[in-house]
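Each remark here refers to the structure printed beneath this line.
The values are calculated or read from the model by the stated rules, or taken from the named source; none is laboratory data. Bear in mind the structure is a predicted one, so any value in this text is a computation, not a measurement. Virtual Cβ from ideal backbone geometry, glycine too; neighbours counted across all protein chains shown.
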């Protein structure tokens, strides 16, 4: 399985911070934000990872991550010239994935559940991770019937549930064929929710509901909350004392 770390978008809700650096490089407690989703991929045993970002901050991303040697992985880099959607960014990695399964994760998402066993056990189709939220209209929203996903839609005005699709997607290689047939949404993007819907329509979409915290760190409030939660779960040893 190959990993895709998607760090695109303009980070408009975090300006002026994102005028000088990529959102994924902003600090969350003692690490840049990008290291948390990267660790999710590493914990799942994924060692070949493509990093996709826009042209504005590609130099900063590559300067920080480098070849991947210090993380025990190998990085490839792809530039998404325009913010044309998560699915469009994923489509850029088809050659890199080279027929394998793929785990795509957003560079501003932090997962406190250990999702690695589910990723490692993946056997084809599509798999998404859901979280109960109070504002589902901001996200892709899935409707469940028992353990089955029966609908999924992007930012609905009247959500059918409070289950938001988080920024981690596990797909087999068929996802690239789905992406090639997709049309842009009303906001001019290829929506990752439509990739998941492609699997749903073929009866091949599974989901896991997360039990612990999940942060989509795209606002000042969520970035602050991410630091607070990380601080509460991980207390590093003192540095520079004595």
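General observations
- For residue 67, the conditions (1) part of a loop (DSSP other than H, G, I, E, B); (2) more than 15 Å from the chain's Cα centre (by Cα); (3) buried (at least 17 other Cβ atoms within 10 Å of the Cβ) all hold with the exception of (3).
- A single member of 206, 123, 160 is loosely packed, with under 13 Cβ neighbours inside 10 Å and out of contact with any helix residue (DSSP H, G or I) (no Cβ under 6 Å at 6 or more places or on another chain), and it is 123.
The rows are residues; the columns are (1) under 16 Å from residue 103 (Cα atoms); (2) buried (at least 19 other Cβ atoms within 10 Å of the Cβ); (3) in contact (Cβ under 8 Å) with a residue 60 or more places away in the chain.
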site: 129; (1), (2), (3): yes, yes, yes
site: 137; (1), (2), (3): no, no, no
site: 142; (1), (2), (3): no, yes, yes
site: 175; (1), (2), (3): yes, yes, yes
site: 180; (1), (2), (3): no, no, yes
site: 185; (1), (2), (3): no, no, yes
site: 221; (1), (2), (3): no, no, no
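- Residue 61 vs. criteria in contact (Cβ under 8 Å) with a residue 12 or more places away in the chain and in a strand (DSSP E or B): no
Residues are listed down the side, and each one gets a yes or a no for (1) in a helix (DSSP H, G or I); (2) more than 20 Å from residue 154 (Cβ to Cβ); (3) out of contact with any strand residue (DSSP E or B) (no Cβ under 8 Å at 6 or more places or on another chain); (4) at pLDDT 80 or above:
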residue	(1), (2), (3), (4)
173	no, yes, no, yes
179	yes, no, yes, yes
185	no, no, no, yes
218	no, no, yes, no
241	no, yes, yes, no
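- Set 75, 64: member being in contact with a strand residue (DSSP E or B) (Cβ under 9 Å, 6 or more places away or on another chain) and modelled with pLDDT under 95: 64
- Residues in segment 222-233 include none that are more than 20 Å from residue 3 (Cα to Cα), out of contact with any helix residue (DSSP H, G or I) (no Cβ under 7 Å at 6 or more places or on another chain), modelled with pLDDT of 90 or more and not in a loop (DSSP other than H, G, I, E, B).
- Leading residue by the ranking (modelled with the highest pLDDT) among those in segment 12-43 that are surrounded by 23 or more Cβ atoms within 10 Å (Cβ to Cβ) and assigned to a loop (DSSP other than H, G, I, E, B): 34
- Test: residue in segment 94-111 that is over 18 Å from the mean Cα position of the chain (by Cα) and in a strand (DSSP E or B): no
- Residue 158 meets the conditions (1) assigned to a loop (DSSP other than H, G, I, E, B); (2) touching a strand residue (DSSP E or B) at 6+ places or on another chain (Cβ under 8 Å) in every case but one. The failed one is (2).
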